[in-house]
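Presented below is the structure to which this report refers.
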Amino acid sequence: MAARGQTLPALEGAIAARLKQGYLRDPDVTTEIDRYRPVFVMGEAGRSGQYSYVPGMTAQNAVTIAGGFTPRANHRDIDVTRKINGRVITGRTPTSAPVLAGDIVVVRERFF
């Protein structure tokens, strides 16, 4: 059964519905995510690279895991690239904004 693009409750319901078709009378299904896609941190971060995503992660958390800001980094806002409905979209956001698994976080250089 394909799980991509489904929420955990929707996936649980779909699995339970299939199990009801001749296997179990009242199945109780629980799902959880074993591993998330990584977050990529680039630009003026201490160690650019690929890092494990943690639910609830913010851009600042991702940069901190990547060694923090370099002395030339812009601390106020960052660029986040995300794939939404098959389209790649980049936007500028404050460092307190949440990031999702698979996002690319780019720390820009400050000018002054």
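Among the residues of the range 37-60, those identified as free of Cβ contacts under 8 Å to residues at least 24 places away in the same chain and either in contact with a Cys (Cβ under 6 Å, 6 or more places away or on another chain) or not hydrophobic (A, V, I, L, M, F, W, C) (or both) are Arg47, Ser48, Gly49, Gln50, Tyr51, Ser52, Pro55. Does at least one position in the range 86-97 carry a residue that is surrounded by 14 or more Cβ atoms within 10 Å (Cβ to Cβ) and outside any strand (DSSP E or B)? Yes, there is a match, as at least one residue in the range 86-97 is surrounded by 14 or more Cβ atoms within 10 Å (Cβ to Cβ) and outside any strand (DSSP E or B). Screening Asn85 against (1) at pLDDT 95 or above; (2) of a type outside the set (Lys, Arg); (3) at positive phi leaves a single unmet condition, (1). The residues in the range 58-84 that are exposed (fewer than 13 other Cβ atoms within 10 Å of the Cβ) and either part of a strand (DSSP E or B) or in contact with a His (Cβ under 8 Å, 6 or more places away or on another chain) (or both) can be counted, and the count is 2.
Report, by residue number, each residue of the range 1-36 that is charged (D, E, K, R) and either surrounded by 13 or more Cβ atoms within 10 Å (Cβ to Cβ) or assigned to a helix (DSSP H, G or I) (or both). Even if it seems obvious, please write down each step before you answer.
Taking the range 1-36 and keeping what is charged (D, E, K, R), we get 4, 12, 18, 20, 25-26, 28, 32, 34-35.
Matches in the range 1-36: Glu12, Arg18, Lys20.
Say we look at the range 48-57 and pick out the residues that are assigned to a loop (DSSP other than H, G, I, E, B) and either small (Gly, Ala, Ser) or in contact with a helix residue (DSSP H, G or I) (Cβ under 9 Å, 6 or more places away or on another chain) (or both); which of these is nearest to Val106 (Cα to Cα)? Top of the filtered list is Ser48. Every condition in (1) modelled with pLDDT under 95; (2) out of contact with any Gly (no Cβ under 8 Å at 6 or more places or on another chain) holds for Arg37 except the one numbered (2). Cβ-Cβ contacts under 7 Å between residues 6 or more apart (or on different chains), taken from a first residue in the range 8-33 that is assigned by TED's automatic domain parsing to the domain that holds Pro55 and under 27 Å from Pro55 (Cβ atoms) to a second residue that is exposed (fewer than 12 other Cβ atoms within 10 Å of the Cβ) and not aliphatic (A, V, I, L, M), are absent. Residue pairs, Cβ under 6 Å, 6 or more apart or interchain, first in the range 68-85 and farther than 10 Å from Val106 by Cα, second part of a loop (DSSP other than H, G, I, E, B) and of a type in the set (Lys, Arg). List them. Matching pairs, first to second residue: Asn74/Arg108; Asn74/Arg110.
The values are calculated or read from the model by the stated rules, or taken from the named source; none is laboratory data. Computed from a predicted model, the values in this text were never measured in an experiment. Using ideal geometry, Cβ is built from the backbone for each residue, glycine included, and neighbour counts are taken over all protein chains shown.
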